[in-house]
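Worksheet: the structure to be examined is printed underneath.
The values are calculated or read from the model by the stated rules, or taken from the named source; none is laboratory data. Note that this is a predicted model, so its numbers are computed, not measured. Note: ideal-geometry Cβ built from the backbone for every residue, glycine included; neighbour counts use all protein chains shown. The protein model used for the area step is the full one, side chains on, heavy atoms only, and it has no ligands, DNA or RNA in it. Shrake-Rupley method; radii C 1.70, N 1.55, O 1.52, S 1.80 Å.
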Amino acid sequence: RIERTSAIKKDIIALMIANNYFRNTTISIADVTESKEELLEVIEEYEKAQLSRDVLQTLADTGKTGEVTQERVNAMLDYAESYPENMFLQRMAVVYGNALKGDNAPHYGRTVQAAIRYEKLFAGSEGVTGSDVAQCKIAVAQWIMNMKDYATALSYLEDALKVQENVDAVNMAAQCYNQLGQADKCREMTEKLLQIEPDNIQALT
């Protein structure tokens with residue numbers, strides 16, 4: 001991080017000299033104030049370029065070894081948290097987090113937060129329908145269930161079921177109620193699942 005920041009600063013200074021923003025090797029307050037917008041744009045572009053390289057490098061390293069490590073999961077989560085408005089990064093963070101499971105894995109909570117951000121960004125995307133959002137909530141619920149946060153997953157499933165009675169959502173809700181020790185609710189969901197699919201083996205057992 002420090003090396004990247006230093007490199008950015010050097011490039012900005014070189015760019016300012018090239019554009020005659022200042023003549024000396026020291027940046028004055030006036031220099032910075034007058035060129036504030038230009039500087040912010042330069043910094044933003046460098047940050048985006050560096051981010052793209054970092055993400056691609058992580059993906060490439062994963063592809064070479066075929067292994068998702070804790071270090072790579074943490075890297076993806078760091079990217080997602082640094083750019084919370086980037087939907088692609090939230091999804092990649094969730095994918096990586098879901099790929100590495102274990103008892104009390106340290107990234108579970110952060111992965112859930114990335115999934116929550118992803119759903120919000122998706123729901124706010126242009127052109128998505130209520131049905132699209134409901135399907136997204138079901139997918140997000142599955143990701144969160146994998147992180148063993150059944151209460152949060154259930155909230156997404158209940159929202160989705162208000163829009164449409166989806167078999168997967170009903171089945172997953174039954175599992176969440178079971179994990180949360182809510183036997184009556186679990187039974188209710190199981191009965192509803194059998195109404196939709198009388199031959200559903202999982203519900204029958």
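Output the residues belonging to the range 69-101 that are under 16 Å from the mean Cα position of the chain (by Cα) and not in a helix (DSSP H, G or I).
Of everything in the range 69-101, those that are under 16 Å from the mean Cα position of the chain (by Cα) and not in a helix (DSSP H, G or I) turn out to be TYR83, PRO84, GLU85, ASN86, LEU100.
Among the candidates TYR83, TYR118, TYR108, which residue alone is out of contact with any Phe, Trp or Tyr (no Cβ under 6 Å at 6 or more places or on another chain) and crowded, with 21+ Cβ neighbours inside 10 Å?
Of the residues listed, the single one that is out of contact with any Phe, Trp or Tyr (no Cβ under 6 Å at 6 or more places or on another chain) and crowded, with 21+ Cβ neighbours inside 10 Å is TYR118.
Residue-wise test of (1) open to solvent by less than 30 Å² (accessible area, probe 1.4 Å); (2) part of a loop (DSSP other than H, G, I, E, B); (3) out of contact with any strand residue (DSSP E or B) (no Cβ under 8 Å at 6 or more places or on another chain).
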residue	(1), (2), (3)
SER125	no, yes, yes
GLN142	no, no, yes
MET145	yes, no, yes
SER155	no, no, yes
ALA160	yes, no, yes
ALA174	yes, no, yes
THR190	no, no, yes
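How about the range 176-188: which of its residues are assigned to a helix (DSSP H, G or I) and open to solvent by 40 Å² or more (accessible area, probe 1.4 Å)?
ASN178, GLN179, ALA183, ASP184, LYS185, ARG187, GLU188
Are there any pairs, at least 6 apart or on different chains, whose C-beta atoms fall under 7 Å, with the first in the range 118-140 and within 14 Å of SER155 (Cβ to Cβ) and the second of a type in the set (S, T, N, Q) and open to solvent by 40 Å² or more (accessible area, probe 1.4 Å), and if so, which?
Once the first residue is within 14 Å of SER155 (Cβ to Cβ) and sits in the range 118-140, its partners that are of a type in the set (S, T, N, Q) and open to solvent by 40 Å² or more (accessible area, probe 1.4 Å) give ALA134/GLN164.
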